[in-house]
Amino acid sequence: MNRVSWSLLGVMASGVPAAFVWWGLGRPSQWLATERGLVLTEENATGRFQVVAVFTLVGVVLGLVAGVLVQRITRSAQWQTVVGLAGAASAASLVCWRLGVWLGPQPVRDATGLEVGDVVRDQFAVDTIVPFLLWPLAAVLGYTITLYLSSDGVDEDDEQSAEVSERSAP
């Protein structure tokens, strides 16, 4: 396997530590046990948005870093690398999501033995596709900006141009 393959595998594997970050920073909704059953108050409902926002933020940061690192490590300016990076970042988002859901609290419907006043945390969930699309978008953006700002090959081209100019001069 070459450097491009190894770096893309690394991007996919980065979904595992990202899941732990998401799990550590995410604060899901909290249901309150009452005489009538579990109730989700307006104040406690903000956790659903917060969990999705943290997932998105983790993905954007990870994607930008992954894009920069892949470009700097591989020095590859090929379209196949960009497509692979988008795929690897998408896979990392799915790994993060599944592992984060597994690490997080169980579904509220599985809560048993509750007394009045107990608080039950909701399960981690991402209920829209947009956060999953932002992971590869950020990765490709980081890659593109780094490629654009890098000076890879500029000095070599200038030296080769100077040699050709010297040889072609009368």
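Anything in segment 22-39 that is assigned to a loop (DSSP other than H, G, I, E, B) and either in contact (Cβ under 8 Å) with a residue 40 or more places away in the chain or on the phi > 0 side of the Ramachandran plot (or both)? List them, or say none. Listed by number, the residues that qualify are Gly26, Pro28, Ser29, Glu35.
Leu69 fulfils the conditions (1) open to solvent by less than 80 Å² (accessible area, probe 1.4 Å); (2) farther than 15 Å from Val119 by Cβ except for a single criterion, (1). Checking every residue in segment 1-13 against the condition of being at pLDDT 75 or above and more than 22 Å from the chain's Cα centre (by Cα) gives at least one match. Of everything listed in (1) at pLDDT 90 or above; (2) buried (at least 17 other Cβ atoms within 10 Å of the Cβ), the single unmet condition for Gly26 is (1).
The values are calculated or read from the model by the stated rules, or taken from the named source; none is laboratory data. All values derive from a computational prediction rather than experimental measurement. Heads up, the Cβs are rebuilt from the backbone with ideal geometry, glycines too, and the neighbour counts pull from every protein chain shown. To get the accessible areas, we keep the full protein, side chains included, count just its heavy atoms, and leave off ligands, DNA and RNA. Shrake-Rupley method; radii C 1.70, N 1.55, O 1.52, S 1.80 Å.
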